[in-house]
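Q: I have a structure I would like to understand better, so I am pasting it below and will then ask my questions one at a time.
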Amino acid sequence: METLNTSRRTFIKTMTLAGGGLMLGFHLPISSKFAEASTKEQAINAFIRIAKDGDIAVMVPSSEMGQGIYTALPMIVAEELEADWTKVRPEMAPLGKEFKNPAFYMQSTGGSTSVKAWWQPLSQAGATAREMLIAAAAKKWGVAATECEAKNGMVLHKGSGKKLGYGDLVESASKLQAPKNPAMKPKDQYRLIGKSVKRLDTPAKVDGSAVFGIDVRVPNMLYGSVKTSPVFGGEVASMNEAAAKALKGVKAVVPVPNGVVVVADSYWRAKKGVDALDIQFKDGKHANLSNESISKSFHQALENKGAIAHAGGDVAANLKVAKKTIEVEYEVPFLAHATMEPQNCTAFVTQDSCEIWSPTQGQDPAAFVISQLTGLPPEKIKINTTFLGGGFGRRFEQDFLIHAVLASKAVGQPVKVVWSREEDTQHDFYRPCSVSKFQIGLGTDGMPVAWNNRIVCPSILTRVLPQYVKNGIDPTSVEGANELPYGIPHQHIDYVMKDTGIPVGFWRSVGSSHNAFYVESAIDEAAHASNQDPYQFRRKLLDSQPRFRTVLDMVAKNSGWGKSLPKGHFQGIALAKSFGSIVGEVAEISITPEGQVQVHRVVCVIDCGSVVNPDTVVAQMESGIVFGLTATLNGTITINKGRVIESNFHDYKMMRMAETPKIDVEIVQNTEAPGGVGEPGTPPVAPAITNAIFAATGYRIRKLPVSIHDLKSA
Amino acid sequence: MITLKINKKVHQVDVEPDTPLLWVLRDTLGMTGTKFGCGINQCGSCTVHFNGLPIRSCSVPVSAAQDAEILTIEGLSPDRTHAVQQAWIEEDVPQCGYCQSGQIMAAAALLSQNPKPTDADIDVAMTNICRCGTYQRIRKAIHRAAELI
Ligand code: FES
Ligand code: FES
């Protein structure tokens, strides 16, 4: 192992690249405990390095934010590599063009894409390396490669019984030409993929050694604490810089967009520096915004004509002749991400380089922002991705990185900027608030014939990726509403884009987080309006959708739908496809005499096609459901006078142990193309709960969260 | 200078007495296993043991910790062999993992007072937030740890 100097060796390890000389690779160890434990490794391609002792490092291009990707992607590589799984370890990939997420053409993690986008390239990387290792052994033994096979980290020669470990072969293998079309395994020969495997990151997460962004420590590092304008877009009007600088340990007050970072020799001193500033802001043009004003303008906008997201048949004519028509409006509020780890980033900017240590979902966006701020070309920028203490879409943004880069640039030393929880809650890129209106025409048999749906919602992509907004449609605003699985002959779904001045961003399950609530509530209302069982009603509409119907049938069966329940318990059902996976959920609830909703059980069935690590899929469903329950029952971000009222967990409440229901998950077994799992558990939760509340009380919740409704008198 | 006893070792720290114990652990002593989540005694990410009892170190000034035995996640066991850590590994509890030091310290404190907690006991004792929603597995792992002890 070579190091630049001992003081920085924690972060530096030599990395040999195939075909090239020795290159220095910077990386963060997964665990601070193993910072120094590494042997010289030889890269066989961009994704795989093998050490003499046979240890294998798999470069993982996706950020680990809880979804288990540090295990799932190495499993894919190890399967084709025929690796000994006990010797495989994940390592976060550096910035590099090989590591661009094929789903977005940029290095980033989101949209529940990691497994589906990387399955093929990583299988290929594993298979390529395997064939090179076999070829190296064959050459050494002077036999044909076809007489050799790879198994459990070794190459064996069938005839002679000779064998060599990968560690002994890697050096010569790495000098060989990589095969263009290596043979890949048929799915029925998988021995690792499809089996529940323990997560590789668990050990470091039970002894405190896992390194999150907030845990980064580099030599000569200072700490930054942030204060930005409570009103979005406001500017600093005045502050007492001298008072802050008079405090022990405070080094600098650095201006950043809409606020300042106070830099000190510890976080606590920096934070006290912020408090001492007595900072005042000019509120700017958003000072009159409130939930009421936004909600009113959204409901008014429902009268506007929208851009067409989907149209088929003749909705207007069929609404006229329908036997019965339902007309309903729904609404959801802004929501914050509340990642458990507050936003933070560490940066070290010099004249001719910038290195950052960031819990980021967006390495390419980070590099882009750094070059904008520093003028440095990409090759002078180093990005170390740490563990993320939750992501949920929040860490695709780069606002926290800007703070760290500007602070380091100003003081000429590494600076770790850590946001307070208050700053984090009040300066998010929120799940958009939105409203949705339906006119549903029912035919003589009570089944829907016409479906007219208009969504009013702020656009996320207009700011983030404007090239994906076409003909007035932001696909993330209408996803979950524009491709109904239900066989309804006449449909018209349109979208009115409405900005509010409140920043919006990707929030776990994005548009499906509201559209599944709208669609699955509306279908439920239609079922009740025609006096039909909500499960059977949906089932009838899924004649030509066998995968949806299987999920629906399984979740009905597993939940005991229609069977007798404990006294006072009621069920609600919902079904939604998002990110390539179909999820059905049944919630079982009761309501206390005080009007409190108690959720006893959520039964979930997911069809996500081919599965890499089943236990991770189950874990992601459990996680997505709890996330959805938090939003459904209590989640609101309230805007008043242009600022967010909620500030911390006392008023932005999270589900805790005692309120969490029993969750049962079953995975549909099939070999279809893989779908996502990080997000799809969330969308059906809200309608499953509110449909259950309707079953219990006859009261229909059309505006979230549940907590704003008085269910005592319902 | 303030004298602290953490994981059975004595440390001298030169910080303002009102500095929360959390930031002394993390910044001054470099023990970053204990996490910052809210700073207002709400989330439990910063849970450590104070004379054997679980406390939230973000809300305890370092001056109040002077004569106490403090135990952090780093001191729970040298090699992840504490029953709670073992059970956490068996049940694959962590997702992002950020809350888990605090959850483990809270669970270890619960089990040291109540070796066979019921579900109701767990509901009362385990009030730490997990944004990843690992509660069901935490509950299972606590029952498992109770068997291992
Ligand atoms: S950080 Fe101490 S309770 Fe949240
Ligand atoms: S595991 Fe992520 S917050 Fe608990």
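The values are calculated or read from the model by the stated rules, or taken from the named source; none is laboratory data. Treat the numbers as computed from the prediction; the structure is a model and nothing was measured. Glycine also receives a Cβ, built like all others from the backbone with ideal geometry; neighbour counts cover every protein chain displayed. Surface accessibility is based on the protein's heavy atoms, side chains included, excluding ligands, DNA and RNA. Shrake-Rupley method; radii C 1.70, N 1.55, O 1.52, S 1.80 Å.
Q: Out of the residues in segment A:217-247 meeting the condition of being in contact with a Phe, Trp or Tyr (Cβ under 6 Å, 6 or more places away or on another chain) and open to solvent by less than 10 Å² (accessible area, probe 1.4 Å), tell me which one is farthest from A:T425 (Cα to Cα).
A: Applying the filter and picking the extreme gives A:G234.
Q: Separate question: For segment A:536-556, indicate whether the set of residues that are assigned to a helix (DSSP H, G or I), surrounded by 19 or more Cβ atoms within 10 Å (Cβ to Cβ) and more than 31 Å from the chain's Cα centre (by Cα) is non-empty.
A: There is at least one residue in segment A:536-556 that is assigned to a helix (DSSP H, G or I), surrounded by 19 or more Cβ atoms within 10 Å (Cβ to Cβ) and more than 31 Å from the chain's Cα centre (by Cα).
Q: Also, quick follow-up: Of the residues A:V260, A:V328, A:V250, A:V254, only one is open to solvent by less than 60 Å² (accessible area, probe 1.4 Å) and not assigned by TED's automatic domain parsing to the domain that holds A:G412; which?
A: Only one candidate passes the filter, namely A:V328.
Q: Residue by residue through segment A:453-468, note down the ones that are over 13 Å from A:G511 (Cβ atoms) and free of Cβ contacts under 8 Å to residues at least 60 places away in the same chain.
A: Within segment A:453-468, A:T462, A:R463, A:L465, A:P466, A:Q467 meet the criteria.
Q: Answer yes or no as to whether B:T19 is outside the structural domain of B:N128 (by TED's automatic domain parsing), of a type in the set (S, T, Y) and under 23 Å from A:H337 (Cα atoms).
A: No; evaluated as a whole, the condition is false for this residue.
Q: Same structure, new question: May I ask you to list the residues in segment A:153-188 that are out of contact with any strand residue (DSSP E or B) (no Cβ under 7 Å at 6 or more places or on another chain), part of a helix (DSSP H, G or I) and at pLDDT 95 or above?
A: Residues satisfying the conditions are A:D168, A:S172.
Q: Now for a separate question. Residues B:D123, B:D92: which one is at the interface with another protein chain (Cβ under 9 Å from one of its Cβ atoms) and open to solvent by less than 40 Å² (accessible area, probe 1.4 Å)?
A: Only one candidate qualifies: B:D92.
Q: At least 3 residues that are of a type in the set (A, V, I, L, M) in each: list the strands (runs of 3 or more DSSP E) lying fully within segment A:294-406 that qualify.
A: Of the strands (runs of 3 or more DSSP E) lying wholly inside segment A:294-406, those with at least 3 residues that are of a type in the set (A, V, I, L, M) span A:307-312, A:324-332.
Q: Working carefully through the options A:V197, A:V143, find the one that is free of Cβ contacts under 8 Å to residues at least 60 places away in the same chain and hydrophobic (A, V, I, L, M, F, W, C).
A: Answer to the selection: A:V143.
Q: Would you check if B:A108 is more than 10 Å from chain A (Cβ to nearest Cβ), more than 15 Å from ligand 2 (Cβ to nearest atom) and either small (G, A, S) or surrounded by 23 or more Cβ atoms within 10 Å (Cβ to Cβ) (or both)?
A: Taking the combined requirement at face value, the residue satisfies it.
Q: Restricted to segment A:622-646, and to residues that are open to solvent by 20 Å² or more (accessible area, probe 1.4 Å) and of a type in the set (S, T, N, Q), which residue is nearest to the other protein chains (Cβ to nearest Cβ)?
A: The qualifying residue nearest to the other protein chains (Cβ to nearest Cβ) is A:N634.
Q: For A:I455, all conditions in the list (1) open to solvent by 10 Å² or more (accessible area, probe 1.4 Å); (2) closer than 22 Å to A:A527 by Cβ hold save one; what is the number of the exception?
A: Checking A:I455 against (1) open to solvent by 10 Å² or more (accessible area, probe 1.4 Å); (2) closer than 22 Å to A:A527 by Cβ, the one that fails is (1).
Q: Something else: Pull out all pairs, ordered by first then second residue, where Cβ-Cβ is under 7 Å, the residues are six or more apart or on different chains, the first lies in segment B:127-149 and is in the same structural domain as B:C46 (by TED's automatic domain parsing) and open to solvent by 10 Å² or more (accessible area, probe 1.4 Å), and the second is outside any helix (DSSP H, G or I) and of a type in the set (A, V, I, L, M, F, W, C).
A: none
Q: Looking at B:G75, B:G52, B:G30, which one is over 30 Å from A:G68 (Cβ atoms) and either of a type outside the set (G, A, S) or more than 16 Å from ligand 2 (Cβ to nearest atom) (or both)?
A: The conditions single out B:G52.
Q: So if I check each of A:E331, A:E341, A:E327, which one is charged (D, E, K, R), in contact (Cβ under 8 Å) with a residue 40 or more places away in the chain and within 16 Å of ligand 2 (Cβ to nearest atom)?
A: Exactly one of A:E331, A:E341, A:E327 is charged (D, E, K, R), in contact (Cβ under 8 Å) with a residue 40 or more places away in the chain and within 16 Å of ligand 2 (Cβ to nearest atom), namely A:E341.
Q: Under the condition of being within 14 Å of chain A (Cβ to nearest Cβ) and surrounded by fewer than 22 Cβ atoms within 10 Å (Cβ to Cβ), which residue from segment B:55-66 is nearest to ligand 2 (Cβ to nearest atom)?
A: Among those that are within 14 Å of chain A (Cβ to nearest Cβ) and surrounded by fewer than 22 Cβ atoms within 10 Å (Cβ to Cβ), it is B:S59.
Q: Would you check if there is a residue in segment A:106-113 being aliphatic (A, V, I, L, M), buried (at least 19 other Cβ atoms within 10 Å of the Cβ) and touching a strand residue (DSSP E or B) at 6+ places or on another chain (Cβ under 8 Å)?
A: Within segment A:106-113, none of the residues are aliphatic (A, V, I, L, M), buried (at least 19 other Cβ atoms within 10 Å of the Cβ) and touching a strand residue (DSSP E or B) at 6+ places or on another chain (Cβ under 8 Å).
Q: Further question: How many residues, within segment A:55-78, are surrounded by fewer than 24 Cβ atoms within 10 Å (Cβ to Cβ) and either on the phi > 0 side of the Ramachandran plot or of a type in the set (D, E) (or both)?
A: So the answer is 1.
Q: Can you tell me how many residues in segment B:24-33 are in contact (Cβ under 8 Å) with a residue 40 or more places away in the chain and facing another protein chain (nearest Cβ under 7 Å)?
A: The number of residues fulfilling the criteria is 1.
Q: Quick check on this structure: which one of A:I606, A:I639, A:I645 is in the same structural domain as A:S512 (by TED's automatic domain parsing) and touching a strand residue (DSSP E or B) at 6+ places or on another chain (Cβ under 6 Å)?
A: A:I606
Q: With the condition kept exactly as written, say whether any residue in segment B:41-51 is open to solvent by less than 30 Å² (accessible area, probe 1.4 Å), at positive phi, under 13 Å from the mean Cα position of the chain (by Cα) and within 14 Å of ligand 1 (Cβ to nearest atom).
A: Yes: one or more hits.
Q: If you don't mind, there's one more thing I want to ask. Just give me the residues in segment A:394-420 being open to solvent by 10 Å² or more (accessible area, probe 1.4 Å) and within 14 Å of chain B (Cβ to nearest Cβ), in sequence order.
A: Selection gives A:S420 alone.
Q: Residues being among the small types (G, A, S) and either over 15 Å from A:Y330 (Cβ atoms) or free of Cβ contacts under 8 Å to residues at least 60 places away in the same chain (or both): count how many of those fall in segment A:428-450.
A: The total comes to 4.
Q: Going through A:L277, A:L289 one at a time, which residue ends up being more than 34 Å from the chain's Cα centre (by Cα) and surrounded by 15 or more Cβ atoms within 10 Å (Cβ to Cβ)?
A: Step by step, each of A:L277, A:L289 is checked, and only A:L277 is more than 34 Å from the chain's Cα centre (by Cα) and surrounded by 15 or more Cβ atoms within 10 Å (Cβ to Cβ).
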